[in-house]
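Report on the structure given below.
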Amino acid sequence: MIISNYFNKNDNDTNNKLISYFNDLNNGIKLKRDDFLYILDNINDEVFSVLQSLAYQKRKLIYNDSVFIRGLIEISNYCKKDCYYCGIRKSNLTAHRYRYDKNKIYEIVTYAYQRGYRTIVMQGGEDDYYTKELLEEIIGKIRNDYPDVAITLSLGEKDYDTYQALFRAGANRYLLRHESASKKHYEKLHPSFMSFDNRMQCLNDLKKIGYQTGAGLMVGSPFQTNDDLVEDLLFLQEFQPQMIGIGPYLRHHATPFKDMSNGKLEHVLVMYALARLIVPHALLPSTTATSSLDKTGRLKALLSGCNVIMINLSDIDKRKSYTLYENKSYQGDESDEFIELIKKDIEQANMKIDFSIGNYRK
Ligand code: SF4
């Protein structure tokens, strides 16, 4: 069980030691494995408020009050991979599959641009329908027609040449969650044909090519321990990704993990706040999974260092098919029709909605 002390009392010495670690991180001092483990083993809700406040202030110092809004297009729910936790894994024969052709993608991008979005995120399963050539064509046209838009891809593992070709075609950012930086844990979440080493290689390739690169992880995923989370924190500290996607594990009925417990909001918030201090300049989304877990998730995420929200622009019927986990908030929360609700959370966090390109600042 992770972060298991959260609702217990600590003595003063323990709290003081925790706060001194938070201050170290806030001052740019790198922590060691044992330090991170101490934090995760001992943090409780009382001392979390100190961490949360430091994370909020750090985000404000670098990005002011902006919450950057990204337009998300889920282009395909076909996937050749088989992650044990994912509702659109290839072995789920009950999933209703769809994919968008290039014209549909242009149509949504045009709509997004007219609505003011200046970052487009194209996300999908690993779907070989989208060849390198087709993606180059799609990205090239968007880049040509909308030169002031950032194009973010989240299309899984590809070879170096493909990543490079897509970058040259005009893509700027790439999200590829590592899911777990502990090889042993990664292998419990994925079938043996999926390679931890290749995933890490992909992240290195993306950064080397020049993408603003996003790593990320699930909190509370099956078999996860504090030691595993420490691996994630050490990895973030070392890799310094420009974007970090963190969300709770949420189960899906058509997966081998269907009976496992969901992750907990408190634990996700701890990881958001630590991520903000470890990688101060990161673009850190309040993820849809966090909003799906708890109605207060988005507001609390913004209060814990997050500064990005992705708004789903896919057609409503397709959103229902893109279910990586159950009870995804595809209608009432993070969709274009409900932007006013999102604005309320942003204002409550004393932040401002920002549709600009919102590049990584260093
Ligand atoms: S998590 Fe991603 S790679 Fe894994 S099965 Fe789902 S869509 Fe495919």
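No other residue among ASP228, ASP197, ASP259 is charged (D, E, K, R), touching a His at 6+ places or on another chain (Cβ under 9 Å) and more than 30 Å from ASP148 (Cβ to Cβ) apart from ASP228.
Can you find a residue that is at positive phi and not β-branched (Val, Ile, Thr) anywhere in the range 39-60? Within the range 39-60, none of the residues are at positive phi and not β-branched (Val, Ile, Thr). The residues of the range 348-362 that are of a type in the set (Lys, Arg) and touching a strand residue (DSSP E or B) at 6+ places or on another chain (Cβ under 7 Å) amount to a single one, LYS352.
In the range 165-188, the residues that are over 13 Å from LEU206 (Cβ atoms) and touching a residue at least 40 places away in the same chain (Cβ under 8 Å) reach residues that are assigned to a strand (DSSP E or B) and not small (Gly, Ala, Ser) with C-beta atoms within less than 9 angstrom, at least six apart or across chains, in these pairs: GLU179/LEU217; GLU179/MET218; SER180/LEU217; SER180/MET218; ALA181/LEU217; HIS185/GLU179. Of the residues that sit in the range 42-89 and are acidic (Asp, Glu) and buried (at least 16 other Cβ atoms within 10 Å of the Cβ), which one is nearest to the ligand (Cβ to nearest atom)? Going through the qualifying residues, I end up with ASP82. Close contacts from the range 6-25, counting a first residue that is in contact (Cβ under 8 Å) with a residue 40 or more places away in the chain and under 11 Å from VAL47 (Cα atoms) and a second that is of a type in the set (Phe, Trp, Tyr) and surrounded by 10 or more Cβ atoms within 10 Å (Cβ to Cβ), with Cβ to Cβ under 8 Å and a gap of 6+ residues or different chains, come to TYR6/PHE48. The set of residues from the range 277-315 being closer than 21 Å to ALA215 by Cα and small (Gly, Ala, Ser) comprises ALA282, SER286, ALA289, SER291, SER292, GLY297, ALA301, SER304, GLY305.
If you check THR131 against the conditions, is it without any contact (Cβ under 8 Å) to a residue 12 or more places away in the chain and either at negative phi or within 22 Å of the chain's Cα centre (by Cα) (or both)?
yes
Highlighted here are the helices (runs of 4 or more DSSP H) found entirely within the range 90-195 that include at least 3 residues which are buried (at least 17 other Cβ atoms within 10 Å of the Cβ) and more than 16 Å from the ligand (Cβ to nearest atom): 102-114, 132-145, 160-169.
Is it fair to say ASN16 is polar (S, T, N, Q) and more than 16 Å from the ligand (Cβ to nearest atom)?
Values: polar (S, T, N, Q): yes; more than 16 Å from the ligand (Cβ to nearest atom): yes.
So ASN16 passes the test.
Here the range 250-273 is the region considered, the condition is being under 25 Å from PHE36 (Cα atoms) and polar (S, T, N, Q), and the residue that is surrounded by the most Cβ atoms within 10 Å (Cβ to Cβ) is ASN262.
Might you check whether a residue that is touching a helix residue (DSSP H, G or I) at 6+ places or on another chain (Cβ under 9 Å), among the charged types (D, E, K, R) and crowded, with 23+ Cβ neighbours inside 10 Å occurs anywhere in the range 224-244?
Looking only at the range 224-244, we keep the residues that are touching a helix residue (DSSP H, G or I) at 6+ places or on another chain (Cβ under 9 Å), and these are 224-237, 239-242, 244.
Next, only the ones that are among the charged types (D, E, K, R) stay: 227-228, 231-232.
Next cut, crowded, with 23+ Cβ neighbours inside 10 Å only: 232.
So far as the range 224-244 goes, yes, one or more of its residues are touching a helix residue (DSSP H, G or I) at 6+ places or on another chain (Cβ under 9 Å), among the charged types (D, E, K, R) and crowded, with 23+ Cβ neighbours inside 10 Å.
Read-outs: derived from the displayed coordinates by stated rules, not from any lab. Keep in mind it's a predicted model, so treat the numbers as computed, not measured. When we count neighbours, we look across all protein chains shown, and the Cβ atoms used for this are built from the backbone with ideal geometry, even at glycine.
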